[in-house]
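Engineer: One structure is given below, represented as structure tokens, and several questions about it will come after.
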Amino acid sequence: MSENALGLQSEVNCAPATVDAIEERIAEAGVEFVYYQFVSINGRVLTKVAPARHVRRNLRSGVNFHGSAVADVANDRSGAFFAGGAEAEEFTALPDAETFQVLPWDTTTARFLCRLYRRADAEADPGAPLPTDVRGLLSRAHADFEARTGLELRSGLEPEMTWEGPSIDVDSRPGVSPAYHLGSLERVRGVYQRVIRYGQALGLEMIEGDYEDNGQLELNFLFDRAERTADRLLTYRQICSRVAHELGVTATFMPKPALGIMGNGCHHNLSLWRDGANVCADEGRDELHVSTVAGHAIGGLLTHAASGMAVYASTVNSYKRYWDIGLFAPSAVNWGLDNRTCTLRVSANGRLEFKLPDAIVNPYLSQTLVLAAIEDGIEHSLDPGEPVARGATGAAGDFAPLPLTLGDALDALEGNTLVKRALGDELTALYVEFKRDEWARYCSSVTDWEREMYRDWLP
């Protein structure tokens, strides 16, 4: 029988000093309501709300959800709910006390981020971590990675997204990009200022941002340990949704909103640390380079790149980025020193920019696969091949080519033992089932392109 992790975490939450500090913050801010949030397999945030006066009870016992909630309470094409059907067993979402924050746009409301467990009265493995909890999965995977390698993964994510609406004018001229243009940025001043202010209020160390393409903004926050970075990306997305609501515009993380403009990526900037030092760079070397450890890490990331695509590029729309050529999305499995066309770009000494993940990515799943691929590369001294020269394209070594549809990506995932082991049997099965259904829905849809192309084709 599994360890009762639910009970252990409940004891941590209920330490008198912890509870007293949270209740003091609630009183100071005038909080009346608390969200208990968790993340589904698709990276969406689901929640229950409870009166703040029950926080002590909820820190101890959490809140319960129907089992289908891990897959967004969605049903397949036959109408059956994913994750066990209508009779799926409930699970418990237990808050992590240290994630308590008061929402800056309404200080009567606060939130916790939760991890998921089997209920304390479950028939099998009561109180055990829920295998389909993506946030808990990354936390456990990183702890295991550290124990085996002595290394810590730190990451910084680049969340590109598109803002649309009547108040946002697109600064577009034939042959001239709006990227970095002051006039373009001024048009969205109300957006970026509000996002940055809310981000700072919620603990994101906002560092820099720019206007990249029509309606596309990238506002970055400082890198940190992988789990914290994933939490912050979810917070950032929640902020953007709120700002869009307040300003009467639309904020989308859709990977490819339209052809002819750059897609929305979420590049993962990765580094490995031991004893406070970044081991991806050699001390004393100023020229752009990678250390031996970093080279093997790159080898692992490239070896398993194709089989991770169903996670890095998780939707039907994701693959439109790779078909619209010439717009910075990688098309071959390769790496290079400051080569922006590559799957992996060494952008600075000690920093590996992994460019496959797109803006809709689930950062808990993507970074779980990154950890597994890096460890495999280090353990087996995998060779990344020679770096591709700046401005050049082409594969770096004998790596599987990138799949160009979600269906092919799912085939690649199911054919890779390491990826399936990293996700676990139960989560892999649920994720593939959900995504196979998504692919089938798309393949059976009739699109505007088809109607325009074939409606009057004959005679």
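Engineer: Need the full-extension length gain, ALA86 to ARG441, defined as separation in residues times 0.36 nm minus the C-alpha distance. One decimal, nm.
Structural biologist: Roughly 125.7 nm would be gained on extension.
Engineer: Residue-wise, which Karplus ³J(HN,Hα) couplings in Hz belong to segment 210-222, taking 6.51 cos²θ - 1.76 cosθ + 1.60, θ = phi - 60°, and x for glycine or proline?
Structural biologist: Whole-Hz 3J(HN,Hα) from phi for segment 210-222: 7, 8, 10, 8, 4, x, 9, 10, 10, 10, 9, 10, 5.
Engineer: Evaluate the distance, in nm, between pseudo-label points positioned 7 Å from the Cα of ARG390 and of GLU433 along their respective Cα→Cβ axes.
Structural biologist: Placing both labels 7 Å along Cα→Cβ, they lie 5.0 nm apart.
Engineer: Sticking with the crude label model, points 7 Å out along Cα→Cβ, report the distance from THR250 to SER177 in nm, one decimal please.
Structural biologist: My value for the distance between the label points is 2.5 nm.
Engineer: For the pair LEU222 and GLN193, what calculated FRET efficiency results from E = 1/(1 + (r/R0)^6), where r is the Cβ-Cβ distance and R0 = 22 Å, to the nearest 0.05?
Structural biologist: According to the calculation, E is roughly 0.70.
Engineer: Based on the Cβ-Cβ distance from PHE33 to TRP457, what FRET efficiency comes out when R0 is 45 Å, to the nearest 0.05?
Structural biologist: Plugging the Cβ-Cβ distance into 1/(1 + (r/R0)^6) gives 0.20.
Engineer: Can you list residues from other chains, or at least 5 along the same chain, whose modelled amide H is less than 5 Å from the amide H of ALA120?
Structural biologist: GLY127
Engineer: Tabulate in residue order the Karplus-calculated ³J(HN,Hα) for segment 268-281, using 6.51 cos²θ - 1.76 cosθ + 1.60 with θ = phi - 60°, rounded to whole Hz; enter x for Gly and Pro.
Structural biologist: 9, 8, 10, 8, 10, 10, 9, 6, x, 10, 7, 7, 7, 10
Engineer: Same structure again: Quick one: which of LYS256/LYS320; LYS256/LYS420; LYS48/LYS435 span more than 18 angstrom between C-alpha atoms?
Structural biologist: Violating the 18 Å limit, Cα to Cα: LYS256/LYS420; LYS48/LYS435.
Engineer: Near the amide H of ASP282, under 5 Å away, which other amide H atoms are found, from residues 5 or more places off or on another chain, if H is placed in the peptide plane?
Structural biologist: Counting only residues 5 or more places away or on other chains, the set is SER291.
Engineer: Further question on the same structure: What's the whole-number percent of alpha carbon pairs in the chain lying beyond 30 angstrom?
Structural biologist: 48
Engineer: Alpha carbons only, please: Rg and Dmax for segment 5-130, in angstrom.
Structural biologist: In Å, with Rg to one decimal and Dmax whole: 15.4, 50.
Engineer: Quick check: Cα centre of segment 398-423 to Cα centre of segment 262-305, how many Å?
Structural biologist: Taking the Cα centre of segment 262-305 as reference, the centre of segment 398-423 is 22 Å away.
Engineer: Right, next: Search the structure for amide H atoms under 5 Å from the amide H of LEU402, placed 1.01 Å from N in the peptide plane, and list their residues when 5 or more places away or on another chain.
Structural biologist: VAL333
None of the figures in this text is laboratory data; all of them are computed from the coordinates on show. Quantities reported herein were computed from a predicted structural model and do not represent experimental measurements. Because the Cβ atoms are built from the backbone with ideal geometry, glycine has one as well, and the counts that use them run over all protein chains shown.
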